[in-house]
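First up is the structure itself, then whatever we jot down about it.
The values are calculated or read from the model by the stated rules, or taken from the named source; none is laboratory data. In this text, all values refer to a predicted model and were calculated from it rather than measured experimentally. Don't worry about glycine lacking a Cβ; one is built from the backbone with ideal geometry, like all the others, and counts go over all protein chains shown.
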Amino acid sequence: MAIEREVLEFIIVPPFEQREAVATAKDRLADYLERRFPGYRFKIGPFAPVGDEETFCILPVMNFLGDDGKSYMCDEPKRWFVQEIADACQAFDLHGVRSCAA
């Protein structure tokens, strides 16, 4: 019997042009996303050659270790949810002192 589980962690890859600003604000951005999407974790990665260079790329962490020590795959996240995360990243004020989460 397969164990199914929802994706709870995402890696955020910034657009090339914003990589330095995102690196500077990565802790604030992760906090903002975790407040906006309670129950989920976010890691802010460096620029990587994935997606396109103009938008944030949202990578779901799809595998996890079960209690038995075996690796399992999570259920694929809904596209609308991944898009909401990307929209929240785009709306985040990278240069602001504080940002309020909705």
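Cβ separations smaller than 7 Å between residues 6+ apart or across chains give the following pairs from region 81-102 residues that are at pLDDT 90 or above to residues that are part of a loop (DSSP other than H, G, I, E, B): ILE85/PHE37; ALA86/THR55; ALA86/PHE56; CYS89/PHE56; GLN90/PHE56; PHE92/SER99. Suppose the filter is modelled with pLDDT under 90, surrounded by 13 or more Cβ atoms within 10 Å (Cβ to Cβ) and touching an Asp or Glu at 6+ places or on another chain (Cβ under 8 Å); does ARG5 pass it? Yes. Scanning region 53-77 for residues that are assigned to a loop (DSSP other than H, G, I, E, B), at pLDDT 80 or above and at negative phi yields THR55, PHE56, VAL61, MET62, GLY66, ASP67, ASP68, LYS70, CYS74, GLU76, PRO77. Would it be correct to say that VAL22 is in a helix (DSSP H, G or I), within 18 Å of HIS95 (Cα to Cα) and β-branched (Val, Ile, Thr)? When the stated conditions are applied, VAL22 passes them.
Residues in region 25-42 include at least one that is in a loop (DSSP other than H, G, I, E, B), at positive phi, modelled with pLDDT of 90 or more and surrounded by fewer than 14 Cβ atoms within 10 Å (Cβ to Cβ).
Yes/no per residue for (1) surrounded by fewer than 17 Cβ atoms within 10 Å (Cβ to Cβ); (2) in contact with a helix residue (DSSP H, G or I) (Cβ under 6 Å, 6 or more places away or on another chain); (3) of a type outside the set (Gly, Ala, Ser); (4) at pLDDT below 85:
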position	(1), (2), (3), (4)
ILE11	yes, no, yes, no
PRO15	no, no, yes, no
PHE47	no, yes, yes, yes
GLY51	yes, no, no, yes
ARG79	yes, no, yes, no
